[in-house]
1. Does Phe309 fit the bill of being assigned to a helix (DSSP H, G or I), out of contact with any Pro (no Cβ under 8 Å at 6 or more places or on another chain), in the same structural domain as Thr135 (by TED's automatic domain parsing) and not aliphatic (A, V, I, L, M)?
2. Taking the stretch 232-251, which residues are assigned to a strand (DSSP E or B) and surrounded by fewer than 17 Cβ atoms within 10 Å (Cβ to Cβ)?
3. Condition (residue is in contact with a Lys or Arg (Cβ under 8 Å, 6 or more places away or on another chain), under 30 Å from Leu290 (Cβ atoms) and not aliphatic (A, V, I, L, M)) applied to the stretch 21-37: is it met by at least one residue?
4. Run down Leu84, Leu89, Leu114, Leu109 and say which single residue is part of a helix (DSSP H, G or I), over 21 Å from Leu257 (Cα atoms), touching a residue at least 60 places away in the same chain (Cβ under 8 Å) and in contact with a Gly (Cβ under 7 Å, 6 or more places away or on another chain).
5. For the stretch 53-78, name all the residues that are over 24 Å from the mean Cα position of the chain (by Cα) and of a type outside the set (Asp, Glu).
6. Only one of (1) free of Cβ contacts under 8 Å to residues at least 40 places away in the same chain; (2) part of a helix (DSSP H, G or I) fails for Ala51. Which number is that?
7. Name the residue, out of Arg182, Arg189, Arg151, that is under 27 Å from Glu263 (Cβ atoms), touching a Gly at 6+ places or on another chain (Cβ under 6 Å) and free of Cβ contacts under 8 Å to residues at least 60 places away in the same chain.
8. Only one of these is surrounded by 15 or more Cβ atoms within 10 Å (Cβ to Cβ) and either farther than 30 Å from Ala352 by Cα or without any contact (Cβ under 8 Å) to a residue 12 or more places away in the chain (or both): Ser104, Ser134. Name it.
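The values are calculated or read from the model by the stated rules, or taken from the named source; none is laboratory data. Computed from a predicted model, the values in this text were never measured in an experiment. All Cβ positions, even for glycine, are placed from backbone atoms using ideal geometry, and neighbour counts span all protein chains on display.
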Amino acid sequence: MHQLHFFPSRTMALYVGRMFLIRSFSILFALVLILQTLDLLGESGKILAVAGNGDSEVWRYVGMRIPQIIETFLPFSVLLGTILTLVTLNQNSEVIAMKASGMSAHQVLAPLFLAALLVAGISFAFNERIVTRSTAALSAWQKVEYAKVPRDSGVRANIWVRAGNDLINAGTVETRGPVVLRDVTVYERTQGVLSSMLKADSAKPVAGGWELTNARRFIRRSGTLEPLGTIVAMKGVGTDQFTLAQVDGDELPFTELSTAIDELEAAGRPVDSLKGVLWHKISGPLSAILMPLLGAVAAFGLARSGKLFVRAILGMALGFAYFVADNFALAMGDLGAYTPFLAAWGPFILFALIGEMILIRTEE
């Protein structure tokens with residue numbers, strides 16, 4: 001009869017779930033305390049070296065940095081909390097008692113899955129509401145080396161735009177007042193192959209395109225440079241394609257990032273790496289659900305067999321292997337080697353299958 005219920009015992013589910021949550025968040029608190037202290041040792045000198053900065057700026061840095069540390073190490077804490085919980089249950093022969101009552105391995109782990117799902121929901125909300133804002137504020141502050149952050153100058157640097165087969169690069173884009181492009185290069189391509197390069201000192205929008213000043217065209221095949229003076233080119237390219245700000249996916253919530261990706265894609269800007277970050281905003285928090293599955297190897301098997309420590313190490317190794325694979329996939333997504341979906345979800349699906357396979361073999 002127990003096999004027909006995912007949670008055969010409400011009391012047992014609350015007991016295991018509470019044990020898991022207490023251990024996970026206790027480990028997280030210890031990690032944040034240690035890592036923030038170590039981080040502050042390196043950064044406090046830089047903060048206080050700026051004239052006018054004092055203790056308030058140091059605490060301001062701590063307030064911005066702690067959410068990032070929590071986001072990064074929450075999955076590690078869930079992994080360690082899972083293993084510690086399962087090792088404790090195994091040592092006390094509580095897993096044996098559960099199995100003897102007719103519970104399956106999945107039913108033993110069910111409270112951990114439910115608690116991990118709760119942690120994933122909290123993590124997603126925390127990342128959306130707090131981490132993105134603190135990351136944006138800290139990034140802007142670090143760019144000026146902890147000095148006073150100046151107002152946005154309205155100048156964008158190194159902007160790339162696709163126009164049909166051609167690629168356009170603007171060294172700087174002045175967005176305050178009339179839009180002006182500086183140091184413009186148009187890579188003119190025929191069937192995907194570079195045929196010529198059109199360079200200009202500046203460009204401003206006019207009816208029918210852009211007016212390029214001091215334009216010259218380099219013909220690739222002949223290797224000649226042709227001066228053109230002032231011409232109108234880049235027809236059909238709108239000003240909004242250049243004025244869209246560069247987007248850091250870590251600094252925007254899910255909905256805002258999705259909107260920014262749509263705008264950049266419409267402007268012909270590359271967005272695959274940002275799409276990977278967008279999907280990872282979901283798969284990242286959901287990785288907490290994987291941890292009970294990967295750490296389950298520590299739960300089963302007799303504690304007195306002397307292999308409990310080895311099983312705990314194996315569960316930890318599986319969890320850390322997932323984090324390595326996850327970071328590797330994101331890096332490959334940034335390089336364009338992986339599709340955005342594969343970069344964000346590939347390691348999650350792979351290790352879910354690995355964990356399930358180990359659990360089924362354990363059940364057998």
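1. yes
2. Result: Val232, single match.
3. Within the stretch 21-37 (the criterion being in contact with a Lys or Arg (Cβ under 8 Å, 6 or more places away or on another chain), under 30 Å from Leu290 (Cβ atoms) and not aliphatic (A, V, I, L, M)), the answer is yes, since at least one residue qualifies.
4. Only one candidate passes the filter, namely Leu114.
5. Residues satisfying the conditions are Asn53, Gly54, Ser56, Val58, Trp59.
6. Ala51 satisfies all of (1) free of Cβ contacts under 8 Å to residues at least 40 places away in the same chain; (2) part of a helix (DSSP H, G or I) except (2).
7. Arg182
8. Ser134
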